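What follows is one structure encoded as C-alpha coordinates, with my remarks underneath.
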Amino acid sequence: MSMSDFREEVIIDKLSRCNYVLMVGAGKGGVGKSVISTLLALKLSSMRKEIFLLDLDLHGSSIPSLLGINYVVKESEKGFKPYEYNNRLEVMSLKFFIEDKPAPLRGHYKDYVIKEILTLTNWKSKNVIIDLPPGFSNELLTIIKLVRKANVKRGHLVITNPSIISAEVVKKYMTLLKELGEEIIGLVINMAYMKYGNAVIRLGELRLGKEFQVLAELPYIPGIDNYLMRGVIPKELDKGLKPLISKIVPLF
Amino acid sequence: MHELSLADALLKALSNYAVRNNVRIRRVILGIGQLAQVDKDLLKDNIVTLAGVYGLDDVKFEFKEEETIFKCNACGHVWRWGEIRDEVLRGLCGDVVECDNPIHYIPALANVFIRCPKCNSLDFEVIKGQGLEVLSIEYE
(Lines give C-alpha, C1' and ligand atoms only; values in the text may rest on other atoms or scores of the structure.)
Protein backbone atom coordinates (compact mmCIF):
# COMPACT_ATOMS: atom_id res chain seq x y z
CA MET A 1 0.00 0.00 0.00
CA SER A 2 1.25 3.49 -0.69
CA MET A 3 0.27 6.87 0.67
CA SER A 4 -0.22 9.22 -2.24
CA ASP A 5 1.19 12.32 -0.61
CA PHE A 6 2.01 12.59 3.08
CA ARG A 7 1.97 16.36 2.78
CA GLU A 8 -1.72 16.40 1.98
CA GLU A 9 -2.42 14.40 5.14
CA VAL A 10 -0.66 17.01 7.25
CA ILE A 11 -2.27 20.00 5.54
CA ILE A 12 -5.75 18.53 5.80
CA ASP A 13 -5.17 17.88 9.47
CA LYS A 14 -4.03 21.48 10.03
CA LEU A 15 -6.89 23.00 8.07
CA SER A 16 -9.45 20.81 9.81
CA ARG A 17 -8.46 22.46 13.10
CA CYS A 18 -9.26 25.91 11.74
CA ASN A 19 -12.51 27.72 12.28
CA TYR A 20 -13.00 29.31 8.86
CA VAL A 21 -11.14 29.65 5.56
CA LEU A 22 -11.95 32.72 3.48
CA MET A 23 -10.64 32.62 -0.09
CA VAL A 24 -10.32 35.98 -1.82
CA GLY A 25 -10.24 35.65 -5.59
CA ALA A 26 -11.40 37.02 -8.92
CA GLY A 27 -9.87 35.09 -11.78
CA LYS A 28 -8.87 38.54 -13.08
CA GLY A 29 -5.67 40.33 -12.19
CA GLY A 30 -5.34 43.89 -10.96
CA VAL A 31 -8.75 44.20 -9.31
CA GLY A 32 -7.45 44.52 -5.76
CA LYS A 33 -7.57 41.00 -4.29
CA SER A 34 -4.37 41.51 -2.32
CA VAL A 35 -5.38 44.97 -1.13
CA ILE A 36 -8.74 43.69 0.07
CA SER A 37 -7.20 40.58 1.68
CA THR A 38 -4.78 42.88 3.50
CA LEU A 39 -7.51 45.31 4.54
CA LEU A 40 -9.61 42.48 5.93
CA ALA A 41 -6.66 41.00 7.79
CA LEU A 42 -5.78 44.37 9.35
CA LYS A 43 -9.37 45.23 10.23
CA LEU A 44 -10.35 41.83 11.61
CA SER A 45 -7.16 41.45 13.64
CA SER A 46 -7.84 44.89 15.14
CA MET A 47 -11.23 43.46 16.20
CA ARG A 48 -9.50 40.73 18.22
CA LYS A 49 -9.91 38.05 15.54
CA GLU A 50 -6.91 35.78 15.03
CA ILE A 51 -5.94 35.75 11.36
CA PHE A 52 -3.51 33.71 9.29
CA LEU A 53 -3.08 35.60 6.02
CA LEU A 54 -1.77 33.27 3.32
CA ASP A 55 -0.42 34.78 0.12
CA LEU A 56 -0.92 32.19 -2.64
CA ASP A 57 0.01 34.54 -5.47
CA LEU A 58 3.22 32.68 -6.25
CA HIS A 59 4.16 34.81 -9.25
CA GLY A 60 2.93 38.22 -8.16
CA SER A 61 3.19 38.17 -4.42
CA SER A 62 1.98 41.54 -3.05
CA ILE A 63 0.99 41.00 0.57
CA PRO A 64 4.51 41.36 2.04
CA SER A 65 5.03 44.69 0.27
CA LEU A 66 1.56 45.95 1.14
CA LEU A 67 2.23 45.26 4.81
CA GLY A 68 5.79 46.57 4.61
CA ILE A 69 7.20 43.17 5.59
CA ASN A 70 10.80 42.34 4.84
CA TYR A 71 11.18 38.83 6.25
CA VAL A 72 13.21 35.75 5.41
CA VAL A 73 11.54 32.62 6.69
CA LYS A 74 12.78 31.11 9.93
CA GLU A 75 12.28 27.56 11.01
CA SER A 76 11.47 26.21 14.44
CA GLU A 77 11.36 22.53 15.40
CA LYS A 78 7.67 22.56 14.44
CA GLY A 79 8.25 24.09 11.01
CA PHE A 80 8.34 27.43 9.23
CA LYS A 81 7.42 30.39 11.38
CA PRO A 82 4.96 32.75 9.74
CA TYR A 83 5.72 36.45 10.07
CA GLU A 84 3.96 37.85 13.12
CA TYR A 85 2.65 41.24 12.00
CA ASN A 86 1.04 41.69 15.39
CA ASN A 87 -0.10 39.27 18.08
CA ARG A 88 -3.26 38.40 16.15
CA LEU A 89 -2.04 38.49 12.54
CA GLU A 90 0.33 35.92 11.04
CA VAL A 91 1.46 36.10 7.42
CA MET A 92 3.04 33.54 5.07
CA SER A 93 4.22 34.10 1.52
CA LEU A 94 6.55 32.45 -0.98
CA LYS A 95 8.35 35.77 -1.00
CA PHE A 96 9.68 34.94 2.46
CA PHE A 97 11.68 32.14 0.79
CA ILE A 98 12.77 33.64 -2.52
CA GLU A 99 12.65 37.39 -1.81
CA ASP A 100 12.43 39.31 -5.10
CA LYS A 101 13.43 36.50 -7.46
CA PRO A 102 10.92 35.45 -10.12
CA ALA A 103 9.38 31.97 -9.69
CA PRO A 104 9.09 30.31 -13.12
CA LEU A 105 6.95 27.39 -11.98
CA ARG A 106 5.04 25.03 -14.23
CA GLY A 107 1.68 23.92 -12.85
CA HIS A 108 2.74 20.73 -11.08
CA TYR A 109 5.56 22.58 -9.32
CA LYS A 110 3.08 25.15 -8.05
CA ASP A 111 1.25 22.29 -6.36
CA TYR A 112 4.47 21.10 -4.76
CA VAL A 113 5.35 24.59 -3.55
CA ILE A 114 1.92 25.18 -2.04
CA LYS A 115 1.97 21.81 -0.32
CA GLU A 116 5.53 22.17 0.99
CA ILE A 117 4.76 25.59 2.44
CA LEU A 118 1.48 24.54 4.04
CA THR A 119 2.87 21.25 5.37
CA LEU A 120 5.65 22.93 7.27
CA THR A 121 4.14 26.29 8.18
CA ASN A 122 3.30 26.34 11.83
CA TRP A 123 0.43 28.82 12.12
CA LYS A 124 -1.70 29.20 15.22
CA SER A 125 -4.60 31.39 14.10
CA LYS A 126 -7.98 29.77 13.66
CA ASN A 127 -9.18 31.95 10.78
CA VAL A 128 -7.42 31.81 7.44
CA ILE A 129 -7.63 34.45 4.72
CA ILE A 130 -6.17 33.29 1.42
CA ASP A 131 -5.17 35.79 -1.24
CA LEU A 132 -5.52 33.90 -4.52
CA PRO A 133 -3.70 34.77 -7.74
CA PRO A 134 -5.40 35.60 -11.04
CA GLY A 135 -6.41 32.62 -13.13
CA PHE A 136 -8.28 29.38 -12.70
CA SER A 137 -5.26 27.16 -12.30
CA ASN A 138 -3.40 25.07 -9.73
CA GLU A 139 -3.45 27.53 -6.85
CA LEU A 140 -7.25 27.79 -6.87
CA LEU A 141 -7.97 24.13 -7.62
CA THR A 142 -5.39 22.80 -5.16
CA ILE A 143 -6.46 24.95 -2.25
CA ILE A 144 -10.13 24.16 -2.85
CA LYS A 145 -9.32 20.46 -2.91
CA LEU A 146 -7.39 20.64 0.37
CA VAL A 147 -9.92 22.81 2.15
CA ARG A 148 -12.78 20.56 1.06
CA LYS A 149 -10.98 17.44 2.26
CA ALA A 150 -10.39 19.16 5.59
CA ASN A 151 -14.14 19.74 5.84
CA VAL A 152 -13.54 23.14 7.38
CA LYS A 153 -16.10 25.94 7.10
CA ARG A 154 -15.18 28.04 4.09
CA GLY A 155 -16.37 30.69 1.68
CA HIS A 156 -15.23 32.78 -1.25
CA LEU A 157 -15.13 36.52 -1.52
CA VAL A 158 -15.05 37.58 -5.15
CA ILE A 159 -13.55 40.88 -6.23
CA THR A 160 -14.10 42.86 -9.41
CA ASN A 161 -13.55 46.40 -10.50
CA PRO A 162 -16.35 48.29 -12.24
CA SER A 163 -15.19 47.54 -15.78
CA ILE A 164 -16.95 45.22 -18.19
CA ILE A 165 -13.78 43.32 -19.04
CA SER A 166 -13.19 42.54 -15.38
CA ALA A 167 -16.81 41.55 -14.82
CA GLU A 168 -16.70 39.13 -17.75
CA VAL A 169 -13.86 37.17 -16.18
CA VAL A 170 -15.30 37.42 -12.69
CA LYS A 171 -18.63 36.00 -13.90
CA LYS A 172 -16.76 32.99 -15.30
CA TYR A 173 -14.91 32.66 -11.99
CA MET A 174 -18.19 32.65 -10.07
CA THR A 175 -19.69 30.11 -12.47
CA LEU A 176 -16.70 27.87 -11.84
CA LEU A 177 -16.99 28.20 -8.07
CA LYS A 178 -20.68 27.37 -8.22
CA GLU A 179 -19.99 24.33 -10.39
CA LEU A 180 -17.42 23.21 -7.82
CA GLY A 181 -20.10 23.55 -5.14
CA GLU A 182 -18.26 26.35 -3.35
CA GLU A 183 -20.07 28.97 -1.32
CA ILE A 184 -19.68 32.56 -2.47
CA ILE A 185 -20.24 34.88 0.46
CA GLY A 186 -20.36 37.94 -1.74
CA LEU A 187 -19.06 40.07 -4.54
CA VAL A 188 -17.10 43.25 -3.91
CA ILE A 189 -16.83 45.98 -6.50
CA ASN A 190 -13.49 47.55 -5.81
CA MET A 191 -12.46 50.98 -7.09
CA ALA A 192 -16.14 51.62 -7.81
CA TYR A 193 -15.93 55.36 -7.19
CA MET A 194 -13.68 58.10 -5.92
CA LYS A 195 -14.37 61.16 -3.86
CA TYR A 196 -13.20 64.53 -5.11
CA GLY A 197 -14.11 67.17 -2.57
CA ASN A 198 -17.81 66.64 -1.98
CA ALA A 199 -18.33 65.05 -5.39
CA VAL A 200 -18.60 61.30 -5.84
CA ILE A 201 -17.29 60.20 -9.21
CA ARG A 202 -18.41 56.76 -10.41
CA LEU A 203 -15.54 54.96 -12.12
CA GLY A 204 -17.71 52.60 -14.14
CA GLU A 205 -21.18 51.15 -14.22
CA LEU A 206 -21.62 47.43 -14.06
CA ARG A 207 -24.86 45.80 -15.04
CA LEU A 208 -24.74 42.52 -13.22
CA GLY A 209 -27.58 40.05 -13.10
CA LYS A 210 -29.73 39.69 -10.00
CA GLU A 211 -27.89 36.47 -9.12
CA PHE A 212 -24.82 38.53 -8.23
CA GLN A 213 -25.14 39.72 -4.67
CA VAL A 214 -22.97 42.82 -4.30
CA LEU A 215 -21.79 42.90 -0.72
CA ALA A 216 -19.82 46.13 -0.87
CA GLU A 217 -18.61 48.88 -3.17
CA LEU A 218 -15.24 50.27 -2.24
CA PRO A 219 -13.72 53.58 -3.22
CA TYR A 220 -10.57 54.09 -5.24
CA ILE A 221 -8.00 55.54 -2.89
CA PRO A 222 -4.88 56.90 -4.62
CA GLY A 223 -1.75 55.64 -2.88
CA ILE A 224 -3.59 52.93 -0.93
CA ASP A 225 -0.36 50.91 -0.69
CA ASN A 226 1.29 53.74 1.22
CA TYR A 227 -1.51 53.67 3.79
CA LEU A 228 -1.38 49.90 4.21
CA MET A 229 2.39 49.86 4.61
CA ARG A 230 1.83 51.97 7.71
CA GLY A 231 -1.00 49.70 8.88
CA VAL A 232 -3.55 52.48 8.27
CA ILE A 233 -7.00 51.95 6.74
CA PRO A 234 -8.22 55.21 5.13
CA LYS A 235 -11.50 56.47 6.62
CA GLU A 236 -13.50 56.27 3.40
CA LEU A 237 -12.37 52.72 2.80
CA ASP A 238 -13.10 51.76 6.40
CA LYS A 239 -16.67 52.99 5.87
CA GLY A 240 -16.98 51.02 2.64
CA LEU A 241 -15.72 47.86 4.32
CA LYS A 242 -18.49 47.84 6.93
CA PRO A 243 -20.98 45.55 5.13
CA LEU A 244 -18.13 43.20 4.37
CA ILE A 245 -16.93 43.10 7.95
CA SER A 246 -20.50 42.61 9.23
CA LYS A 247 -20.79 39.57 6.99
CA ILE A 248 -17.43 38.07 7.94
CA VAL A 249 -17.29 38.72 11.70
CA PRO A 250 -19.98 36.13 12.58
CA LEU A 251 -18.13 33.59 10.45
CA PHE A 252 -14.81 34.20 12.21
CA MET B 1 16.24 21.88 12.10
CA HIS B 2 14.46 21.12 8.83
CA GLU B 3 14.99 17.39 9.36
CA LEU B 4 13.14 17.66 12.68
CA SER B 5 10.09 19.39 11.22
CA LEU B 6 10.08 16.99 8.25
CA ALA B 7 10.17 14.03 10.64
CA ASP B 8 7.36 15.51 12.69
CA ALA B 9 5.18 16.14 9.60
CA LEU B 10 5.84 12.68 8.22
CA LEU B 11 5.00 10.93 11.49
CA LYS B 12 1.86 12.97 11.92
CA ALA B 13 0.74 11.97 8.41
CA LEU B 14 1.49 8.28 9.05
CA SER B 15 -0.30 8.37 12.38
CA ASN B 16 -3.41 9.96 10.81
CA TYR B 17 -3.25 7.43 8.00
CA ALA B 18 -3.11 4.51 10.45
CA VAL B 19 -6.04 5.82 12.49
CA ARG B 20 -8.17 6.62 9.45
CA ASN B 21 -7.62 3.20 7.89
CA ASN B 22 -7.66 1.37 11.23
CA VAL B 23 -4.33 -0.35 10.53
CA ARG B 24 -1.10 -0.96 12.41
CA ILE B 25 1.85 0.20 10.32
CA ARG B 26 4.82 -2.19 10.33
CA ARG B 27 7.26 -0.90 7.73
CA VAL B 28 7.70 2.33 5.81
CA ILE B 29 10.08 2.89 2.93
CA LEU B 30 11.06 6.51 2.38
CA GLY B 31 12.67 7.94 -0.72
CA ILE B 32 14.98 10.89 -0.17
CA GLY B 33 15.81 12.87 -3.28
CA GLN B 34 19.27 14.43 -3.21
CA LEU B 35 17.84 17.79 -4.22
CA ALA B 36 16.22 18.20 -0.80
CA GLN B 37 19.72 17.99 0.79
CA VAL B 38 18.27 16.12 3.75
CA ASP B 39 20.75 14.74 6.27
CA LYS B 40 19.62 11.11 6.15
CA ASP B 41 21.11 10.14 9.52
CA LEU B 42 19.65 13.17 11.24
CA LEU B 43 16.23 12.52 9.71
CA LYS B 44 16.44 8.90 10.82
CA ASP B 45 17.40 9.89 14.36
CA ASN B 46 14.56 12.40 14.53
CA ILE B 47 12.04 9.88 13.24
CA VAL B 48 13.15 7.27 15.76
CA THR B 49 13.08 9.82 18.60
CA LEU B 50 9.63 11.18 17.74
CA ALA B 51 7.94 7.93 16.63
CA GLY B 52 6.76 7.16 20.16
CA VAL B 53 4.95 10.49 20.39
CA TYR B 54 2.77 9.35 17.49
CA GLY B 55 2.38 5.73 18.61
CA LEU B 56 4.63 4.50 15.81
CA ASP B 57 7.48 3.03 17.90
CA ASP B 58 7.12 -0.42 16.30
CA VAL B 59 7.44 0.82 12.75
CA LYS B 60 10.56 -0.12 10.82
CA PHE B 61 11.72 2.77 8.66
CA GLU B 62 13.92 2.24 5.62
CA PHE B 63 15.55 4.98 3.62
CA LYS B 64 16.42 4.99 -0.06
CA GLU B 65 18.51 7.84 -1.32
CA GLU B 66 17.50 8.84 -4.85
CA GLU B 67 19.82 10.58 -7.24
CA THR B 68 18.28 13.77 -8.59
CA ILE B 69 18.10 13.97 -12.37
CA PHE B 70 17.00 17.03 -14.32
CA LYS B 71 15.87 17.35 -17.93
CA CYS B 72 15.77 20.65 -19.78
CA ASN B 73 12.47 21.43 -21.51
CA ALA B 74 14.26 23.81 -23.89
CA CYS B 75 17.24 21.79 -25.20
CA GLY B 76 16.62 18.28 -23.84
CA HIS B 77 19.88 18.15 -21.87
CA VAL B 78 19.87 15.73 -18.94
CA TRP B 79 22.04 16.34 -15.90
CA ARG B 80 22.50 15.22 -12.30
CA TRP B 81 22.46 17.10 -9.02
CA GLY B 82 26.00 15.92 -8.30
CA GLU B 83 27.28 17.81 -11.34
CA ILE B 84 25.94 21.18 -10.21
CA ARG B 85 25.57 20.84 -6.45
CA ASP B 86 28.68 22.72 -5.36
CA GLU B 87 28.13 25.59 -7.78
CA VAL B 88 24.47 25.96 -6.77
CA LEU B 89 25.24 25.89 -3.05
CA ARG B 90 28.12 28.34 -3.45
CA GLY B 91 25.74 30.66 -5.30
CA LEU B 92 23.11 30.38 -2.58
CA CYS B 93 25.28 30.43 0.53
CA GLY B 94 28.89 30.95 -0.45
CA ASP B 95 29.51 27.63 1.34
CA VAL B 96 28.89 24.06 0.20
CA VAL B 97 28.85 22.49 3.66
CA GLU B 98 26.66 24.65 5.87
CA CYS B 99 23.94 25.88 3.55
CA ASP B 100 20.36 26.26 4.71
CA ASN B 101 18.72 27.32 1.50
CA PRO B 102 15.28 27.62 -0.12
CA ILE B 103 15.76 24.43 -2.20
CA HIS B 104 16.48 22.49 0.99
CA TYR B 105 13.20 23.82 2.42
CA ILE B 106 11.17 23.56 -0.80
CA PRO B 107 12.83 21.38 -3.49
CA ALA B 108 10.16 22.41 -6.01
CA LEU B 109 11.84 25.83 -6.08
CA ALA B 110 14.70 24.39 -8.14
CA ASN B 111 13.62 26.43 -11.17
CA VAL B 112 14.07 29.64 -9.22
CA PHE B 113 17.74 29.00 -8.47
CA ILE B 114 19.08 26.46 -11.01
CA ARG B 115 19.66 26.83 -14.76
CA CYS B 116 20.31 24.24 -17.46
CA PRO B 117 24.12 23.80 -17.60
CA LYS B 118 23.96 23.55 -21.39
CA CYS B 119 21.57 26.30 -22.57
CA ASN B 120 20.99 28.27 -19.34
CA SER B 121 17.21 27.74 -19.52
CA LEU B 122 15.12 28.00 -16.36
CA ASP B 123 12.51 25.69 -17.89
CA PHE B 124 13.42 22.16 -16.81
CA GLU B 125 11.92 19.21 -15.01
CA VAL B 126 13.17 17.27 -12.04
CA ILE B 127 12.52 13.84 -13.47
CA LYS B 128 13.73 11.90 -10.44
CA GLY B 129 14.74 12.43 -6.82
CA GLN B 130 12.99 15.66 -5.91
CA GLY B 131 12.35 15.41 -2.20
CA LEU B 132 11.09 13.27 0.63
CA GLU B 133 8.44 10.77 -0.45
CA VAL B 134 6.73 7.79 1.09
CA LEU B 135 7.48 4.95 -1.32
CA SER B 136 5.53 2.22 0.43
CA ILE B 137 3.77 1.32 3.63
CA GLU B 138 3.31 -2.19 5.00
CA TYR B 139 0.68 -2.67 7.64
CA GLU B 140 -1.48 -5.27 9.37
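Would it be correct to say that residue A:15 is more than 18 Å from residue A:97 (Cβ to Cβ) and either of a type in the set (D, E, K, R) or surrounded by fewer than 23 Cβ atoms within 10 Å (Cβ to Cβ) (or both)? Yes. The lone criterion from (1) part of a helix (DSSP H, G or I); (2) of a type outside the set (Ser, Thr, Tyr); (3) closer than 30 Å to residue A:13 by Cα; (4) free of Cβ contacts under 8 Å to residues at least 40 places away in the same chain left unmet by residue A:226 is number (3). When B:31, B:52 are checked against the criterion of being over 20 Å from residue A:97 (Cα atoms), of a type in the set (Gly, Ala, Ser) and within 13 Å of another protein chain (Cβ to nearest Cβ), B:31 stands alone in meeting it. Scanning segment B:17-26 for residues that are exposed (fewer than 14 other Cβ atoms within 10 Å of the Cβ) and either under 21 Å from residue A:80 (Cα atoms) or touching a residue at least 24 places away in the same chain (Cβ under 8 Å) (or both) turns up B:21, B:24, B:26.
Select from segment B:116-140 the residues that are more than 10 Å from every other protein chain (Cβ to nearest Cβ) and either modelled with pLDDT under 95 or surrounded by 17 or more Cβ atoms within 10 Å (Cβ to Cβ) (or both) and write down the one among them that is nearest to residue B:40 (Cα to Cα). Quick ask: steps written out before the conclusion?
Just the residues of segment B:116-140 that are more than 10 Å from every other protein chain (Cβ to nearest Cβ), to begin with: B:116-120, B:127-129, B:140.
Right, trim to either modelled with pLDDT under 95 or surrounded by 17 or more Cβ atoms within 10 Å (Cβ to Cβ) (or both) and you get B:116, B:128-129, B:140.
Values: B:116: 27, B:128: 18, B:129: 14, B:140: 27 Å.
Step by step, filter segment B:116-140, then rank; the result is B:129.
Here is a yes/no grid of residues against (1) touching a residue at least 12 places away in the same chain (Cβ under 8 Å); (2) buried (at least 18 other Cβ atoms within 10 Å of the Cβ); (3) under 19 Å from residue B:110 (Cβ atoms):
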| position | (1), (2), (3) |
| --- | --- |
| B:4 | yes, yes, no |
| B:11 | yes, yes, no |
| B:15 | yes, yes, no |
| B:28 | yes, yes, no |
| B:41 | no, no, no |
| B:47 | yes, yes, no |
| B:60 | yes, no, no |
| B:64 | yes, no, no |
| B:77 | yes, no, yes |
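The condition of being under 22 Å from residue A:7 (Cβ atoms) and at pLDDT below 95 does not hold for residue B:22. In segment A:154-170 there is at least one residue matching the filter, namely being assigned to a helix (DSSP H, G or I), under 21 Å from residue A:247 (Cα atoms) and not aromatic (Phe, Trp, Tyr). For residue A:124, the stated conditions hold: it is assigned to a loop (DSSP other than H, G, I, E, B) and either over 11 Å from residue B:105 (Cβ atoms) or of a type in the set (A, V, I, L, M, F, W, C) (or both). Determine whether residue A:193 is in a helix (DSSP H, G or I), surrounded by 15 or more Cβ atoms within 10 Å (Cβ to Cβ) and not acidic (Asp, Glu). The answer is no for residue A:193.
Here is a check on your reading of the model: is residue B:8 facing another protein chain (nearest Cβ under 9 Å), in contact with a helix residue (DSSP H, G or I) (Cβ under 8 Å, 6 or more places away or on another chain) and either on the phi > 0 side of the Ramachandran plot or of a type in the set (D, E, K, R) (or both)? Yes.
Quick one: which strands (runs of 3 or more DSSP E) lie wholly within segment A:7-107 and hold at least 2 residues that are without any contact (Cβ under 8 Å) to a residue 60 or more places away in the chain?
Working: elements: A:20-25, A:51-55, A:74-76, A:79-81, A:83-86, A:89-93.
Ranges flagged: A:74-76, A:79-81, A:83-86, A:89-93.
Can we say residue B:64 is touching a strand residue (DSSP E or B) at 6+ places or on another chain (Cβ under 8 Å), basic (Lys, Arg) and farther than 15 Å from residue B:126 by Cβ? So residue B:64 passes the test.
Give the residue, chosen from A:179, A:183, A:168, that is touching a residue at least 12 places away in the same chain (Cβ under 8 Å) and acidic (Asp, Glu).
Step by step, each of A:179, A:183, A:168 is checked, and only A:183 is touching a residue at least 12 places away in the same chain (Cβ under 8 Å) and acidic (Asp, Glu).
Picking from residues in segment A:86-107 that are surrounded by fewer than 20 Cβ atoms within 10 Å (Cβ to Cβ) and in contact with a strand residue (DSSP E or B) (Cβ under 9 Å, 6 or more places away or on another chain), the one that is modelled with the lowest pLDDT is A:106.
When B:69, B:47 are screened for being closer than 14 Å to residue B:8 by Cβ and within 16 Å of the chain's Cα centre (by Cα), only B:47 passes.
Only residues that are under 15 Å from the mean Cα position of the chain (by Cα), among the polar types (S, T, N, Q) and within 14 Å of another protein chain (Cβ to nearest Cβ): list them for segment A:100-150, please. Across segment A:100-150, the qualifying residue is only A:142.
Applying the criterion of being more than 14 Å from every other protein chain (Cβ to nearest Cβ) and in contact with a Phe, Trp or Tyr (Cβ under 8 Å, 6 or more places away or on another chain) to the residues of segment A:55-88, the residue that is farthest from residue B:2 (Cα to Cα) is A:67. Here residue B:104 passes the criteria (1) of a type outside the set (S, T, N, Q); (2) within 14 Å of another protein chain (Cβ to nearest Cβ); (3) free of Cβ contacts under 8 Å to residues at least 12 places away in the same chain except the one numbered (3).
The values are calculated or read from the model by the stated rules, or taken from the named source; none is laboratory data. Please read these numbers as outputs of a predicted model, since none were measured by experiment. Every residue, glycine among them, receives a Cβ derived from its backbone with ideal geometry; neighbour counts consider all protein chains shown.
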